[in-house]
Structures are given as structure tokens and as C-alpha cells.
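Undergrad: Please find one structure pasted underneath; my questions will follow.
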There are 2 protein chains.
Amino acid sequence: MAAWQLVSADDHVIEPPDLWQRRVPKKFCDVAPKVVIRDGEEHWEFGGQVRAYPAWYGCVAGRSDGYPKTFAEVRPALYDSQERLRDMDADGVDVQVLFPNAAGLGGQALLAIKDLEARWACIRAYNDYVAREFCAANPQRLVPQCIIPLWDGQAAAREVLRAATLGHRGVVFSGQPQGLGLPHFNDAYWDPLWDAAQDTGMPVNLHIGSGGHPGLEVWHDYTAAEALAFVSVKNLSSNIAVIGNLLYSGVLERFPQLKFISVESGIGWVPYLLELADHQYRQQRLQGEGRLKLPPSQYFRRQVFVSTWFEHFGLEARDFIGLGNILWECDYPHPTGTFPNTRRFVERSFAGVPEDARHKVLVENPTALFHLA
Amino acid sequence: MAAWQLVSADDHVIEPPDLWQRRVPKKFCDVAPKVVIRDGEEHWEFGGQVRAYPAWYGCVAGRSDGYPKTFAEVRPALYDSQERLRDMDADGVDVQVLFPNAAGLGGQALLAIKDLEARWACIRAYNDYVAREFCAANPQRLVPQCIIPLWDGQAAAREVLRAATLGHRGVVFSGQPQGLGLPHFNDAYWDPLWDAAQDTGMPVNLHIGSGGHPGLEVWHDYTAAEALAFVSVKNLSSNIAVIGNLLYSGVLERFPQLKFISVESGIGWVPYLLELADHQYRQQRLQGEGRLKLPPSQYFRRQVFVSTWFEHFGLEARDFIGLGNILWECDYPHPTGTFPNTRRFVERSFAGVPEDARHKVLVENPTALFHLA
């Protein structure tokens, strides 16, 4: 760890087609996720529903010719962890913090399975697979984040405790559970989950695209590449409202050791959000209310983390954001990610950033937050 | 004008209850907007539908005890322009650029009137009232922005030309007409409107709250003040996706002299959006596509404006944003606005900004953009 140079706080496990079929009791195999072929392309089927999204859509690392249509075309490093470590070595990345892919960036895709017992089994299967199988190749360098039963705060708390014993180092949640038909993020319903995360020292990840409102309609006439570019802008920036809500929610006041991460949303918006949230806090005289003892910016700097990969100006704003609140990510193997040019991206982003500040973002902050090494 | 110190690019006409009833042909009076009493509070009725929102909800300038329940309680300066000029003098504001209030921040509230002839009459009545009546008290200091028939690109173009002759200096549009059941913002359907705005030199205003998706659900347990604070964060930041779409749309390529303003969204997010939009432009190899000849950031700096009032860090980022792209606003008489402490807000925001840069944002940029004085 002393020699680590790049710890990435957001990468993805690509679930192999047999992950769930191999791991859940036979009686659940019908509704458990499987891969099916439609018009020559593989798609995931969850709870008997074939998803419109192609199965390997985001699996573009190392390709310049679009996404793979079948698992046979997927780069082995996406699902084979020995190969993954070789890609990391080639790209200079020491550690990857691992999120789901097919299971949803907040684990929400499994909600399509109606039978709760089967759904539960699929969640445990994912968490077991990632911790015991994928990351077992090198648990210091491959760091799993657990998914949870999103529909039940108490059960979620129990799975967090179980996952901690398996080696998971963080919790995957949704910034907008209310957008998934569940209680609002701010509801006391989630207190058992916050308690469990705080007690185990596991940060709660609010990854973009983890459920919620679709936002601005994508123009029908955009090319596929233009649509992907625009959707990235839309999805990344949608987390600003999620974190704005978190700052006003009272959760950070009630759980002062709990940490949240705004994953894959960049960092350059943070000064704007903090100035805006503090301004509205003063304009609406919330100092006098019981819920928030501090201005929103102080909760942010105490308990919220953000991650960057494409920004230079964002890093120039590091002191206003809070140097200790910034993580770096390379989002392997997704389209916005930096593989195989990660070193070049890092040099450009961090140009002019002193070595100690750079090391804090690239190594020290994530090491402390995820309790690595 | 030589002596002007503060030109505000976003303030509001508060439409008096008789505006439409007095100005539209008698046969349209039934569906034209009027004010009705419900449970002791006045509400606007548009097209025979009583709006849930109280009529004078945002009319809080100079009050510390909530919003007025009836027009009789509304501060006269909100609807009487001689009084308005006195408030401006007291607060140090030389010029206000005037947007609708009841008619919708994009003029979209009038869409509730089903009869198109009546709706048209109401739009003309608003534009006539603002230019000929409210702003007539001092057309150099009170600068009207016209509303348009949102449902018809050709008719919108004609109303822009008519409004220009009345003295209007900008166009009120929606950043998400597709959210109002109309063609997508990017569609060629709107080309006649872009042509008319470009020909008359009128900038197109995309005010927050001018229609579109509701975004993240507001927690039921927020107090009214907390909800207002959070909704501000959500609505302001929602314009980032609107401007992201504008940058990819091709409209700025096809209409290189056309100017757009992101109104009441602040400025601190701009470096983030430009870094993100350029990154995705490169990742998706859009350089090779026909629609965009330039990276998104270059279109922004050539044709897009943003306005600030609560930000200090935002202004520190002025060179990256583009000093020539920044306006200032005081949003009279709305809850986020700075009246009657505008001078104090300006001093705090602009602390450390050299006099020439300050004068550019506060006077020169809006003077050139709106063709003032």
C-alpha cells in the first residue's frame, strides 16, 4: 500500500451469465437473472422480463468498435479477476472499488424479481460471488461494495452486517429510493440501514443511474454517440439534486459518523451546490429550525465524498470543495472511463496539483474511507 | 447609462388581477386569467382551472412574514412601476430585466387555456401590458421580455417580431418544450423562432421552472421553508441538463449569432458542465460527426449566458466560465432574491474581483446583450 499510486473509487464487476443460475437454489432459477438472445444480441432477463438494454452495452474498455453483442466477445478482464488485475497493472491502477453492472448501479435491477425470497437469494448470491469469488484473487486490490434488499430497511441493515463479514467495504444504495416505489430517502424507515453502515464504518454509495426520475427527454434524432454523451451530462448532473436533498435531509445530523459518496458525478459542481444550499439555508432562515444544526456545507465537508476523472478545473477548486472529500475513479470498463489511457488522464487532470494533494486524492482519501490495506 | 452600477438580468412583473380581464376581448374573459378566492387566499384561474399555487406565493420582497394571501397585501412596488423604480433606487439597482410571474417563468401557464384564439389574445395582452404600461414609466430602466405562443414555431416567430417593435428586448422560452407536450427543443420545428430571435438580436431566455420534468420528489416531511430551500437547489441545478442539451443540439452551430441565457441558475456549475460536455464529446468521438463543428465549450463561450447573485466562488471561476458570459441578477421580488440587501450581497459576491471585471458583469455584459441605452 505504501507504494500505491492510483486507487479508483468506482469500477464495475461484469456479472457472468451464469452468476445467479449457478448460485441460487434450483427453485429460483426461473426468475433469477439469466442471459437470453434477441435478434443476435444477448440481453439479461430478470424476473422473467427481458431487458431492452443489451446485456454488454457498457462493456467497452479496450474497444473502439462499439459494445460486444455476446458474452463471447466480452474482454475476459471484465469478468476474470486475474485478467482484470493485468489490465489494472498495464494501466497503472492499484485498486478498484467494485460496483455491480447488470444488477443495476444501485442494485435496483433485482427489484424486477417479484418473489421476495428469490430476490433475497439473488442479492446474497451477488454479494457472495463478488466477495468470495471475483475479489478473492486479490482482496487488497479488488474491493467489493455490497448490494442490499432495497425494499426493507431492517433487512438491508442485516445484509450490511453479513456483507461486512465477507469483506465488503461499502454499501450500494439509491439516491432516490422514492423513485423506485420505496419510502423517501429521508424517511426514518432507513434508519436501521444508516445505523448498520455507521457501525460497520461502511460508506454508502449513491451511484448515478441508481434509480429515480428519467429527467430531460433525450432527443430522438441524436445519434447513438450523441445520445450517450448527452445522457452522461444529464445523469452525472442529476446527482447534484440528490446530494442537495441529502444535505437538507437531517440524516447527516442524526448519523454524524455516517459517510456518503456521490459516485460517478464528478466534483466541479460542489462549490456551486454548497454556495446555493447555504444561501437558501440563510434565505429560508433554517438556522432557527430543529433539523439542521449546521449550514449544509459543513455537513458536506464532514460526511460527503465525490469522485473525479475528467476534470482539471474541478481539481483547481479542491480547497473550496474540501481536499479530504475528493476521490478519484476510472470507471472501468464503462464508456466515460479512462482505460487504457488512465495515466495520461491523471497527468492532465492533476497538472499543477502539488504532490501531497495529489496523493491525498489518489491514495489516502480512499484508503481511509474504505479501510483499505 | 454611463453611471449605471447594477443591471439585473432577472426580475419579475407581478401581473395585477385585472391585467387580462381588462385587455382581452370580452368573449375571452371566461377563460382568460382571473383571480379567485379559495379558503381566504387568492389563486389564479387559467382557462377555467384554479391553480393550486397561491396567487402571490413568490411575492416576498420586503416581507419577513411569509407571502401575501391577497392582492391587497402585495407591496405596491410589485405591480406599480413608479413604486418599483423607488424600490430599485433604494436598493441601488439601475435596471431590471422583466420576466412574467403568474403567466409562468416560460410563459407556459397560459397553455392551460384550451381555446387557441383566446390563448393568443392573452399572450398579446401580456406583452402589450408589460411594454406599453408597466415599462412605459421608464423604458431605459425597465426592460421587458416577451412571451410567445409556445405551441407554434411560426406564430412564435411572428410574435417575436411584433414584440420587438413594442420595445421587448428578449424572448421567454422553455428549456424543455417537450416537457410541455410540444416538439423537442432541438427539433427544426423551432427554426423560425431561432431565426426571428437572431434577426432581431433578442436573446432567448431559458428561465428555471419554465416547464419540464419535476425531478427528485420533495420529501413530505420537509417544513415549507425547507421544501422551498430544497426546491431551489433542485430547480436551479436542473438547468445544467438543459444547457448540456443545448450545447449538443446543433442549434448553436446552425444559428451562430443567436444568444441563449440560462436564467436564475447561478454560474458555479459552468466549469463542471464544460469539462464534462467536452470530455463526452471526445469520448464519443463527436468531432467526426456532422452536427458539431466545435467542442461544446466553444459554443458556450460564443453564445450562452448565465447569471449570478449568491455566489462568491462562482465569480472566482469567471475566467474559466468566460467573463463575457456572466450576468448578474437580483430576482426581485422572489424568495431567493437580494432585495433590500442587494448592495451587501454584491459586495460579498464580488469581493476581490477587480473593478473592470465587476463592471463588465454588472453593467457592460447585460447592456450589450439586451441592447440597452
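The values are calculated or read from the model by the stated rules, or taken from the named source; none is laboratory data. None of these values were measured; they are calculated from a predicted model. Neighbour counts run over all protein chains shown; Cβ positions are idealised from the backbone, glycine included. These area figures cover heavy atoms from the full protein model, side chains too; ligands, DNA and RNA do not enter into them. Shrake-Rupley method; radii C 1.70, N 1.55, O 1.52, S 1.80 Å.
Undergrad: How about region B:253-274: which of its residues are buried (at least 24 other Cβ atoms within 10 Å of the Cβ) and outside any loop (DSSP other than H, G, I, E, B)?
TA: B:Phe260, B:Ile261, B:Ser262, B:Val263, B:Val270, B:Pro271, B:Tyr272, B:Leu273, B:Leu274
Undergrad: So which residues in region A:19-60 are loosely packed, with under 13 Cβ neighbours inside 10 Å, of a type in the set (Gly, Ala, Ser) and under 27 Å from A:Ala225 (Cα atoms), if there are any at all?
TA: Selection gives A:Gly40, A:Ala52.
Undergrad: Could you check region B:321-373 and list, in sequence order, the residues that are within 14 Å of chain A (Cβ to nearest Cβ), outside any loop (DSSP other than H, G, I, E, B), of a type outside the set (A, V, I, L, M) and in contact with a Leu (Cβ under 8 Å, 6 or more places away or on another chain)?
TA: B:Thr342, B:Ser349 - these are the residues of region B:321-373 that are within 14 Å of chain A (Cβ to nearest Cβ), outside any loop (DSSP other than H, G, I, E, B), of a type outside the set (A, V, I, L, M) and in contact with a Leu (Cβ under 8 Å, 6 or more places away or on another chain).
Undergrad: Let me ask something else. Give the residue, chosen from A:Val171, A:Val231, A:Val204, that is within 14 Å of chain B (Cβ to nearest Cβ) and crowded, with 18+ Cβ neighbours inside 10 Å.
TA: When all the criteria are applied, what remains is A:Val231.
A quick yes/no check of all residues on (1) within 24 Å of B:Lys27 (Cβ to Cβ); (2) aliphatic (A, V, I, L, M):
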{"position": "B:Tyr57", "(1), (2)": "no, no"}
{"position": "B:Ala61", "(1), (2)": "no, yes"}
{"position": "B:Leu78", "(1), (2)": "no, yes"}
{"position": "B:Asn101", "(1), (2)": "no, no"}
{"position": "B:Gly106", "(1), (2)": "no, no"}
{"position": "B:Ile123", "(1), (2)": "yes, yes"}
{"position": "B:Tyr126", "(1), (2)": "yes, no"}
{"position": "B:Val130", "(1), (2)": "yes, yes"}
{"position": "B:Phe134", "(1), (2)": "no, no"}
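Undergrad: Considering only region A:311-335, how many residues are open to solvent by less than 10 Å² (accessible area, probe 1.4 Å) and modelled with pLDDT under 95?
TA: 0
Undergrad: Please tell me if A:Ile14 is of a type in the set (Val, Ile, Thr) and open to solvent by 40 Å² or more (accessible area, probe 1.4 Å).
TA: no
Undergrad: Would you please name the residue that is modelled with the lowest pLDDT, looking only at residues in region A:207-225 that are facing chain B (nearest Cβ under 7 Å) and under 22 Å from A:Gly268 (Cβ atoms)?
TA: Selected residue: A:Gly212.
Undergrad: Being over 23 Å from A:Ala109 (Cα atoms), of a type outside the set (Lys, Arg) and without any contact (Cβ under 8 Å) to a residue 60 or more places away in the chain is true for just one of A:Asp87, A:Asp39, A:Asp65. Which residue is that?
TA: A:Asp65
Undergrad: Could I ask something else about it? Looking at region B:91-103, can you tell me whether even one residue there is farther than 26 Å from B:Gly170 by Cβ, surrounded by fewer than 22 Cβ atoms within 10 Å (Cβ to Cβ) and of a type outside the set (Asp, Glu)?
TA: no
Undergrad: Looking only at region B:249-274, count how many residues are in contact with a strand residue (DSSP E or B) (Cβ under 9 Å, 6 or more places away or on another chain), facing another protein chain (nearest Cβ under 7 Å) and either free of Cβ contacts under 8 Å to residues at least 40 places away in the same chain or more than 19 Å from B:Gly106 (Cβ to Cβ) (or both).
TA: Of the residues in region B:249-274, 2 are in contact with a strand residue (DSSP E or B) (Cβ under 9 Å, 6 or more places away or on another chain), facing another protein chain (nearest Cβ under 7 Å) and either free of Cβ contacts under 8 Å to residues at least 40 places away in the same chain or more than 19 Å from B:Gly106 (Cβ to Cβ) (or both).
Undergrad: Looking at (1) open to solvent by 10 Å² or more (accessible area, probe 1.4 Å); (2) under 28 Å from B:Ala77 (Cβ atoms), which one does B:Arg162 not meet, given that it meets all the others?
TA: Of everything listed in (1) open to solvent by 10 Å² or more (accessible area, probe 1.4 Å); (2) under 28 Å from B:Ala77 (Cβ atoms), B:Arg162 misses just condition (2).
Undergrad: Here's something else I'd like to know. So for region B:97-110 (the condition being more than 17 Å from B:Met202 (Cα to Cα), free of Cβ contacts under 8 Å to residues at least 60 places away in the same chain and not in a loop (DSSP other than H, G, I, E, B)), does at least one residue qualify?
TA: Checking region B:97-110: not a single residue is more than 17 Å from B:Met202 (Cα to Cα), free of Cβ contacts under 8 Å to residues at least 60 places away in the same chain and not in a loop (DSSP other than H, G, I, E, B).
Undergrad: Identify, please: which residue in region A:149-168 is farther than 21 Å from B:Trp219 by Cα and of a type in the set (A, V, I, L, M) and is, among those, nearest to the other protein chains (Cβ to nearest Cβ)?
TA: Among residues in region A:149-168 that are farther than 21 Å from B:Trp219 by Cα and of a type in the set (A, V, I, L, M), the one nearest to the other protein chains (Cβ to nearest Cβ) is A:Ala156.
Undergrad: Check off (1) of a type outside the set (A, V, I, L, M); (2) within 30 Å of A:Phe305 (Cα to Cα); (3) in contact with a Phe, Trp or Tyr (Cβ under 9 Å, 6 or more places away or on another chain) for A:Glu83 and give me the number that stays unchecked.
TA: Only one criterion is unmet by A:Glu83, namely (3).
Undergrad: What do you reckon, is B:Gln284 open to solvent by 10 Å² or more (accessible area, probe 1.4 Å) and in contact (Cβ under 8 Å) with a residue 24 or more places away in the chain? Walk me through how you get there before you give the answer.
TA: Values: open to solvent by 10 Å² or more (accessible area, probe 1.4 Å): yes; in contact (Cβ under 8 Å) with a residue 24 or more places away in the chain: no.
No, not satisfied.
Undergrad: Residues of region A:64-73 being in a loop (DSSP other than H, G, I, E, B) and either surrounded by 14 or more Cβ atoms within 10 Å (Cβ to Cβ) or touching a strand residue (DSSP E or B) at 6+ places or on another chain (Cβ under 7 Å) (or both), which ones?
TA: A:Tyr67, A:Pro68, A:Lys69, A:Thr70
Undergrad: Determine which member of the set B:Leu246, B:Leu180 is touching a helix residue (DSSP H, G or I) at 6+ places or on another chain (Cβ under 6 Å) and in contact (Cβ under 8 Å) with a residue 24 or more places away in the chain.
TA: Numbers: B:Leu246 fails: touching a helix residue (DSSP H, G or I) at 6+ places or on another chain (Cβ under 6 Å).
The conditions single out B:Leu180.
Undergrad: How many residues are outside any loop (DSSP other than H, G, I, E, B) and of a type in the set (Val, Ile, Thr) if we restrict to region A:30-62?
TA: Residues that pass the stated criteria total 4.
Undergrad: Going by what's in this entry, would A:Glu83 be described as in contact with a strand residue (DSSP E or B) (Cβ under 7 Å, 6 or more places away or on another chain) and either in a strand (DSSP E or B) or not basic (Lys, Arg) (or both)? Working first, answer last.
TA: Details: in contact with a strand residue (DSSP E or B) (Cβ under 7 Å, 6 or more places away or on another chain): no; either in a strand (DSSP E or B) or not basic (Lys, Arg) (or both): yes.
So A:Glu83 fails the test.
Undergrad: In this structure, does A:Asp191 turn out to be part of a helix (DSSP H, G or I), within 14 Å of another protein chain (Cβ to nearest Cβ) and either surrounded by 18 or more Cβ atoms within 10 Å (Cβ to Cβ) or not small (Gly, Ala, Ser) (or both)?
TA: Considered against the rule, which asks whether it is part of a helix (DSSP H, G or I), within 14 Å of another protein chain (Cβ to nearest Cβ) and either surrounded by 18 or more Cβ atoms within 10 Å (Cβ to Cβ) or not small (Gly, Ala, Ser) (or both), A:Asp191 comes out as yes.
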